[in-house]
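To keep things clear, I will list the structure first and then write my remarks on it.
The values are calculated or read from the model by the stated rules, or taken from the named source; none is laboratory data. These figures come from a predicted structure and were not determined experimentally. Neighbour counts are summed over all protein chains in view; Cβ atoms, including those assigned to glycine, are modelled from backbone coordinates with ideal geometry.
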Amino acid sequence: MRRWLDRAAIIATDELAAYLAVGRAEAGYIRVNHSADEFACDHLRTGLRVHVNPAESLHALLKRAVIGVWHWISKKHLVRYLAETMFHGNHSGAFENRLYSLFRSGHGPPLPLKTLLA
């Protein structure tokens with residue numbers, strides 16, 4: 001991890017002990033204590049409101065893609081799987097927004113379901 005992290009980065013993790021070695025080596029390290037029902041905290045030194053929800057959401061999205069789409073991933077192409085997962089995570093809602101703007105650009109108000117099915 002140290003190869004990819006900027007030494008000035010502020011890292012936020014949960015209390016998993018595996019993160020301690022990496023966190024201590026960086027300029028800023030903040031732990032959110034889930035076991036004490038803490039899911040966000042204010043970091044006094046930086047003034048940042050810290051949580052790990054984006055990382056946990058990305059992990060959940062990746063796990064769901066492995067189960068539902070890819071069924072298996074190779075170590076060789078892991079970076080590509082992560083890149084696709086990050087793309088989808090960053091563009092979530094884009095499809096719905098395009099549909100909304102497509103339907104919104106029609107003439108007049110939307111038709112009621114009764115009228116559409118009649």
Query - The listed residue being touching a helix residue (DSSP H, G or I) at 6+ places or on another chain (Cβ under 7 Å), part of a helix (DSSP H, G or I), of a type outside the set (Lys, Arg) and over 26 Å from residue 15 (Cα atoms), out of 77, 88 - result: 88
Query raised in the report: Do you know which of the residues in the range 11-28 that are out of contact with any Lys or Arg (no Cβ under 8 Å at 6 or more places or on another chain) and modelled with pLDDT under 80 is nearest to residue 54 (Cα to Cα)?
Result: 20
Query raised in the report: Mind checking which residues of the range 48-94 are within 25 Å of residue 16 (Cβ to Cβ), more than 18 Å from the chain's Cα centre (by Cα) and exposed (fewer than 12 other Cβ atoms within 10 Å of the Cβ)?
Result: 75
